[in-house]
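Asker: Sharing a structure with you now.
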């Protein structure tokens, strides 16, 4: 029986249904070439909304978003949209960005977010908004704090001036963040200044009395343009926990202040004064890795093998062999901090949820399921787009063909993996051949698959070049190889 499987069944997704939605709404005001506009940044905490199962593995959250602008109590702009999260195997945060043309004036903006799965679960917030970009004066946009940015040629809601700009939710930098990144625009410098000018960017610490003290400062020289774009980052590893203000000032060549803009943020940095020994022991006392038993540590280390390079693979083997629990904890903590600097435990749980399901699905009695060829491939490259499982080809052992339509790991399309169970032991599938660059490649894979049937009943050799006959189905199963 040939079975076509669209996804791997890893069990039902746990659906979070909390009492109150948690979301972040911030905004930035900008001057456009013809009309001014406001950007509204939305971040939904996935664990606080409902998720609807799409199949046995994936689910999706949906929220209705209403954005209302009022002027003198009268609604002058109204927008209602529906936002879908990415399809996921577990609740994840998801974002959106909306842009609205808005003439100069004073407004009240209201944002209402409603959960489609649980109608009683909602979030709302109101903001005063002043738009003032008219006239020939030197002007500055709001400062957009970022959690990530990079050059791109793709057009998305988060793309501007050739860059992908992902806003920072809550204006908060956790204890593992080490960079402050921001986007900012300066207008009319060509008409107002007419010569090179200086942009000073500084971070001020704000004490309990509201007084501020400059703790970091930098300068950039800029040529005058109609729109000067700043996309910069600052090192905040040495920034102590507290409340801060990022300030951007525009000055002429004699250091006269021409314009100023700022944004407040919060920093948490409990590891600032810890030495390396404290970080590797005392510094981890409150971290998730300290709650893992020796068995859980080894299991977690082994599950990481498909995700690391050869050098780290050797290191992981040594960590398991030497049973150094402190070193195992430090490695796991360091790995997941790189994945999610603000929530390393969440990154760990998300990955281990998949790893445990892979272990169960591909368990064959020979090591963990994620150490099998199929499990290793799944964790390394993700779920295939299509699986063909052939169990009853009378002249070949059981085999599976995995297809990846898009394969970012090697920038290939239509990549195939073929696994076969030559021993006929339960679940003992081995990788026979793949078209992925750097993976096992065997041009004679069909000869190996049909090695017990290379002679047909009339003594004529079939081999890999033979056409499909009775029971020989690989050409129809893998017609585009």
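The values are calculated or read from the model by the stated rules, or taken from the named source; none is laboratory data. Because the structure is a prediction, the values reported are computed rather than measured. Neighbour counts are summed over all protein chains in view; Cβ atoms, including those assigned to glycine, are modelled from backbone coordinates with ideal geometry.
Asker: For the stretch 131-160, which residues satisfy the criterion of being in contact (Cβ under 8 Å) with a residue 60 or more places away in the chain and closer than 19 Å to residue 99 by Cα?
Answerer: Of everything in the stretch 131-160, those that are in contact (Cβ under 8 Å) with a residue 60 or more places away in the chain and closer than 19 Å to residue 99 by Cα turn out to be 131, 133, 140, 141, 142, 143, 144, 145, 149, 157, 158.
Asker: Please tell me if residue 210 is free of Cβ contacts under 8 Å to residues at least 24 places away in the same chain and in contact with a strand residue (DSSP E or B) (Cβ under 7 Å, 6 or more places away or on another chain). Break it down into steps so the answer makes sense when it comes.
Answerer: On the way: free of Cβ contacts under 8 Å to residues at least 24 places away in the same chain: yes; in contact with a strand residue (DSSP E or B) (Cβ under 7 Å, 6 or more places away or on another chain): no.
When the stated conditions are applied, residue 210 does not pass them.
A quick yes/no check of all residues on (1) over 20 Å from residue 294 (Cβ atoms); (2) in a helix (DSSP H, G or I); (3) in contact (Cβ under 8 Å) with a residue 60 or more places away in the chain; (4) within 26 Å of the chain's Cα centre (by Cα):
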residue: 331; (1), (2), (3), (4): no, yes, no, yes
residue: 337; (1), (2), (3), (4): yes, yes, yes, yes
residue: 345; (1), (2), (3), (4): no, yes, no, yes
residue: 354; (1), (2), (3), (4): yes, yes, yes, yes
residue: 363; (1), (2), (3), (4): yes, no, yes, no
residue: 367; (1), (2), (3), (4): no, no, no, no
residue: 378; (1), (2), (3), (4): yes, yes, yes, yes
residue: 392; (1), (2), (3), (4): yes, no, yes, no
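Condition check ((1) at pLDDT 90 or above; (2) more than 18 Å from residue 245 (Cβ to Cβ); (3) in contact with a strand residue (DSSP E or B) (Cβ under 6 Å, 6 or more places away or on another chain)) across all residues:
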{"residue": "137", "(1), (2), (3)": "yes, yes, no"}
{"residue": "140", "(1), (2), (3)": "yes, no, yes"}
{"residue": "144", "(1), (2), (3)": "yes, no, yes"}
{"residue": "154", "(1), (2), (3)": "no, yes, no"}
{"residue": "159", "(1), (2), (3)": "yes, yes, no"}
{"residue": "163", "(1), (2), (3)": "yes, yes, yes"}
{"residue": "168", "(1), (2), (3)": "yes, no, yes"}
{"residue": "179", "(1), (2), (3)": "yes, no, yes"}
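Asker: So for the stretch 417-424 (the condition being at pLDDT 80 or above and surrounded by fewer than 17 Cβ atoms within 10 Å (Cβ to Cβ)), does at least one residue qualify? Steps first, please.
Answerer: Our first condition is that a residue be at pLDDT 80 or above; within the stretch 417-424, this holds for 417-424.
Of the ones still in play, those that are also surrounded by fewer than 17 Cβ atoms within 10 Å (Cβ to Cβ) are 423-424.
Within the stretch 417-424 (the criterion being at pLDDT 80 or above and surrounded by fewer than 17 Cβ atoms within 10 Å (Cβ to Cβ)), the answer is yes, since at least one residue qualifies.
Every residue, every condition in (1) at pLDDT 95 or above; (2) touching a strand residue (DSSP E or B) at 6+ places or on another chain (Cβ under 8 Å); (3) surrounded by 16 or more Cβ atoms within 10 Å (Cβ to Cβ), yes or no:
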| residue | (1), (2), (3) |
| --- | --- |
| 214 | yes, yes, no |
| 230 | yes, yes, yes |
| 260 | yes, yes, no |
| 266 | no, yes, no |
| 285 | no, no, no |
| 293 | no, no, no |
| 307 | no, no, no |
| 315 | no, no, no |
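Asker: Oh, and also: Go through (1) at pLDDT below 85; (2) in a loop (DSSP other than H, G, I, E, B) and name the single condition residue 476 misses.
Answerer: (2)
Asker: Enumerate the pairs (first residue in the stretch 188-207 and on the phi < 0 side of the Ramachandran plot and touching a residue at least 60 places away in the same chain (Cβ under 8 Å); second residue anywhere and surrounded by fewer than 16 Cβ atoms within 10 Å (Cβ to Cβ) and assigned to a strand (DSSP E or B)) with beta-carbon separation below 8 Å, excluding pairs fewer than 6 apart on the same chain, so at least 6 apart or on different chains.
Answerer: Here the result reads 197/221, each pair linking the stretch 188-207 to a residue that is surrounded by fewer than 16 Cβ atoms within 10 Å (Cβ to Cβ) and assigned to a strand (DSSP E or B).
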